[in-house]
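Step one of this worksheet: look at the structure below.
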Amino acid sequence: MPDRAASTTTHCPYCSLQCGMTLTPREQGAGPVLEVAGANFPTNRGGLCEKGLSSAELLAHPDRLTTPLVRDRRDAPFRAATWDEALDRVTAGLRDAQERHGPDAAGLFGGGGVTNEKAYQAGKFVRVALRSASIDYNGRFCMSSAANAGLRAFGVDRGMPFPLADIARADTVLLVGSNPADVMPPAMRWFAAGRERGAQHVVVDPRYTATAAAADVHLQPVPGSDLALANGLLHLAVKHRLVDAAYIAERTTGWPAVRRAVRQYWPDRVERITGVPVAVMERAVRLLAASRATMILSGRGAEQHAKGSDTALAWINLALALGLPGRPFSGWATMTGQGNGQGGREHGQKADQLPGYRMLADPAARAHVAGVWGVDPDELPQPGVSAYEMLDRLGTDGGVRALMVMASNVAVSAPNTAHVRERLRALDLLVVSDVFLSETAELADVVLPITQWAEEDGTMTNVEGRVLRRRRATDAPDGVRSDLAVLADLAARLGRGEHFDADPRTVFDELRRASAGGPADYAGITWERIEAEGGVFWPCPSTDHEGTPRLFRDGFPTPDGRARFHVVHHRDAAELPDAAYPYRLTTGRTRAHYQSGTQTRRTKALVDAEPEPALEVHPDLAARLGVSDGGDLLLRTRRGQARMRARLTSTIRPDTVFAPFHWGGDQTINDLTNPALDPASRMPEFKVCAVALEAAPTTREDPAA
């Protein structure tokens, strides 16, 4: 139990930086509160953004759930229930679904913000307690394309294969579809430090973001054309003899085919596809090739497409051709978004994975993990379907009939969410574990109140692949339980309790054994080492291993030790503008809010900063639509509609509008987004779809009034 008088050093509950912070009890008003301050952790060095600084407000929020809720029938209101009644209802519903429709009719949808222990336990629960294939998580909507590309090119998926601080040592940095100035502000100190020593930065983004404003060069492509741009830059690198021939010969395979393929991406053609002037492309590629310390960093803007895996591979091709991966202060990396976006995808929440980034279809992986779990490998199911495919089939023949949702708000965050909400209503049983009554929880049959970040112990793995400690700073309210305890209790009720434990340290030690020998090997990482060293980088196969802050210096974890080039070609977005839907819609995060907004829309300082979403519209487009700044616009796509106030800005392309995805109700932008899936990663095409716009009478009250 934490000392109520002492400060606790832990980590922010929001993005993948996992900034260090201290929580100190203070008396205020009716009782104690936790005061937040930045801690000297390597990613943030004492800095915190407004989300981190206000995060403790949610611990005692009046909307906090502190008792289980159940419905007596689907159209009845919620009523309070005991934990026994709620868990009995869940157990009965899971059993009934499986008895009537087979083992895969019960499933779990997880989250990228949970601890490593919870991610591990969720995957184990579905495969051991339920013996079901039906599990995936919201990281499929975030990192899956970059993960797929990393595995294919390098043999491993660690989003950032070097410490974040290395950015300050790079002479040139290219950011593709990433806006850290708004979505992870403390990271900008490393970019600023690089600029102070003379580094030059290039940003690729359809919007002139705060990150682009600080850069030396801004490339503003049509949304969905990043792959063509990458191939065009590589074409120019070949043309001007800027590629690193010795590196290519010594450390890669597949270059001749890629070199031939990019001949098709001559500068004028790429300018027509992307809208980026040839002169700007020329300047960018010469900057990238001019130094021995160059980084290419990608984000969701490039990856959340039906060709996101190929797009990430195109930028990796450019990095390999320039000889970057494995070179000091150089390489390709992807800026993971969610708090445990890295660890959350390593230990079994994905439909095709087992702990340690082992693959579920691999007999050797199944045997190893089954041995740690104490079950027969033949008991483990084969891989299931991806996140959107699971949601799309809810309540249908062959689909999940009883679903548990943990740390995710799919009624706001999934693509084509109006359809997803219909599928959630079609379930025989929907169980949601959450801190607040989110839009998804509002549709549930059973809602389970769970602990928040400062009320629990565990580990997280941040953007760098650094495993760190989340420490409990305060007691949870009476009536609240942890996800680990909930899953262990349900496993016991299902007759498999001997395989589960609710203690996070016990679960982590089992995770270490299960991951041993896998690509994401945590075997040598202990809580004591994390405490002593401020975090440990995986892979770390033994307790006397120092961990691996930087990958690829001596080779790649592929059969021949070489990285792989891949031939990839531009293809149009799944939807192009036409007469009925003449513009492009792209989506993303804003500075004040996070993910589906379940937390940040309940935080006063953040709501005051950004009380409602705004649709970014170029003034030329606004004039054609007849809308002024602050006026309402109705957005329509082939899937749904939303209503937002217009924010006129010349920082966006005139053929494109940008909307944040943090709000629900008639401002749920994901009602409009396209669920077209990447064939390899199964990532939906969040970042571009065809949209129609029209001015609408402003009838809603001003939320700031």
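The values are calculated or read from the model by the stated rules, or taken from the named source; none is laboratory data. Just so it is clear, the model here is predicted, and its values are computed rather than measured. Methodologically, a virtual Cβ is constructed for each residue, glycine included, from the backbone with ideal geometry; neighbour enumeration extends over all protein chains shown. Quick note on the areas: whole protein, heavy atoms, side chains included, nothing else; ligands and nucleic acids left out. Shrake-Rupley method; radii C 1.70, N 1.55, O 1.52, S 1.80 Å.
Points worth noting:
- Residue satisfying all of: in segment 172-197; touching a strand residue (DSSP E or B) at 6+ places or on another chain (Cβ under 9 Å) and assigned to a loop (DSSP other than H, G, I, E, B); nearest to THR274 (Cα to Cα) among these: GLY177
- Index of the failed condition, PRO383 passing every other in (1) touching a Leu at 6+ places or on another chain (Cβ under 8 Å); (2) open to solvent by less than 10 Å² (accessible area, probe 1.4 Å): (2)
- Selection within segment 47-69 - touching a residue at least 12 places away in the same chain (Cβ under 8 Å) and either over 26 Å from GLN595 (Cα atoms) or in a loop (DSSP other than H, G, I, E, B) (or both): GLY47, LEU48, CYS49, SER54, HIS61, ASP63, ARG64, LEU65, THR66, THR67, PRO68
- Qualifying residue in segment 418-431 (condition: within 21 Å of VAL486 (Cα to Cα), in contact with an Asp or Glu (Cβ under 8 Å, 6 or more places away or on another chain), open to solvent by less than 10 Å² (accessible area, probe 1.4 Å) and in contact (Cβ under 8 Å) with a residue 40 or more places away in the chain): yes
- GLY339 vs. criteria surrounded by 19 or more Cβ atoms within 10 Å (Cβ to Cβ) and at pLDDT below 95: yes
- Residue within segment 557-568 that is at pLDDT 95 or above and among the polar types (S, T, N, Q) present: yes
- Residue match in segment 560-568 (condition: closer than 28 Å to LEU677 by Cβ and among the aromatic types (Phe, Trp, Tyr)): yes
- Scanning segment 144-157 for residues that are touching a strand residue (DSSP E or B) at 6+ places or on another chain (Cβ under 7 Å) and among the aliphatic types (A, V, I, L, M) yields a count of 2.
- Looking across segment 227-263 at every residue that is over 32 Å from the mean Cα position of the chain (by Cα) and aliphatic (A, V, I, L, M), the one that is nearest to VAL204 (Cα to Cα) is identified as LEU236.
- Any hit, segment 71-92, residues being closer than 30 Å to THR334 by Cα and open to solvent by 50 Å² or more (accessible area, probe 1.4 Å): no
For (1) surrounded by fewer than 24 Cβ atoms within 10 Å (Cβ to Cβ); (2) under 15 Å from the mean Cα position of the chain (by Cα); (3) not in a strand (DSSP E or B), each residue gets a yes or a no:
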site	(1), (2), (3)
GLY107	no, no, no
GLU117	no, no, yes
ALA122	no, no, yes
SER132	no, no, yes
ARG140	no, yes, yes
ALA147	no, yes, yes
VAL156	yes, no, yes
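- Meeting the requirement of 2 or more residues that are in contact with a Ser or Thr (Cβ under 6 Å, 6 or more places away or on another chain), the strands (runs of 3 or more DSSP E) wholly within segment 625-705 are 656-660, 689-696.
- Looking across segment 261-301, the residues that are open to solvent by less than 10 Å² (accessible area, probe 1.4 Å) and in contact with a strand residue (DSSP E or B) (Cβ under 6 Å, 6 or more places away or on another chain) come down to VAL276, ALA284, LEU288, THR294, MET295, ILE296, LEU297, SER298.
- Failed item in (1) touching a Leu at 6+ places or on another chain (Cβ under 7 Å); (2) more than 30 Å from MET406 (Cα to Cα); (3) among the small types (Gly, Ala, Ser); (4) free of Cβ contacts under 8 Å to residues at least 60 places away in the same chain, with ALA563 passing the rest: (4)
- Whether a residue is free of Cβ contacts under 8 Å to residues at least 40 places away in the same chain and within 20 Å of the chain's Cα centre (by Cα) was assessed, and LEU151 passes this test.
- Only a single item in (1) over 20 Å from HIS593 (Cβ atoms); (2) without any contact (Cβ under 8 Å) to a residue 60 or more places away in the chain is not met by LEU635, and it is number (1).
- Residue satisfying all of: in segment 8-33; surrounded by fewer than 16 Cβ atoms within 10 Å (Cβ to Cβ) and part of a loop (DSSP other than H, G, I, E, B); modelled with the lowest pLDDT among these: ALA30
- Among the residues of segment 605-624, the one identified as open to solvent by 70 Å² or more (accessible area, probe 1.4 Å), of a type in the set (A, V, I, L, M, F, W, C) and out of contact with any helix residue (DSSP H, G or I) (no Cβ under 8 Å at 6 or more places or on another chain) is ALA623.
- On inspection, LEU394 qualifies as open to solvent by less than 30 Å² (accessible area, probe 1.4 Å), of a type in the set (A, V, I, L, M) and under 24 Å from ARG74 (Cα atoms).
- Qualifying positions in segment 503-526 - assigned to a helix (DSSP H, G or I), surrounded by 18 or more Cβ atoms within 10 Å (Cβ to Cβ) and free of Cβ contacts under 8 Å to residues at least 60 places away in the same chain: ARG512
- From the list ARG564, ARG602, the one residue that fits, being within 23 Å of GLY299 (Cβ to Cβ), of a type outside the set (Asp, Glu) and open to solvent by 20 Å² or more (accessible area, probe 1.4 Å), is ARG564.
- Scanning segment 434-479 for residues that are open to solvent by less than 10 Å² (accessible area, probe 1.4 Å) and within 30 Å of ASP75 (Cβ to Cβ) yields PHE436, SER438, THR440, ALA441, ALA444, VAL446, VAL447, LEU448, PRO449.
- Residue-level analysis places ALA321 outside the set of residues that are in contact (Cβ under 8 Å) with a residue 60 or more places away in the chain and in contact with a strand residue (DSSP E or B) (Cβ under 6 Å, 6 or more places away or on another chain).
- Positions within segment 302-321 being open to solvent by 10 Å² or more (accessible area, probe 1.4 Å) and in a loop (DSSP other than H, G, I, E, B), in sequence order: GLN304, ALA306
- Per the conditions (1) over 22 Å from the mean Cα position of the chain (by Cα); (2) open to solvent by less than 10 Å² (accessible area, probe 1.4 Å), the sole criterion not satisfied by GLY224 is (1).
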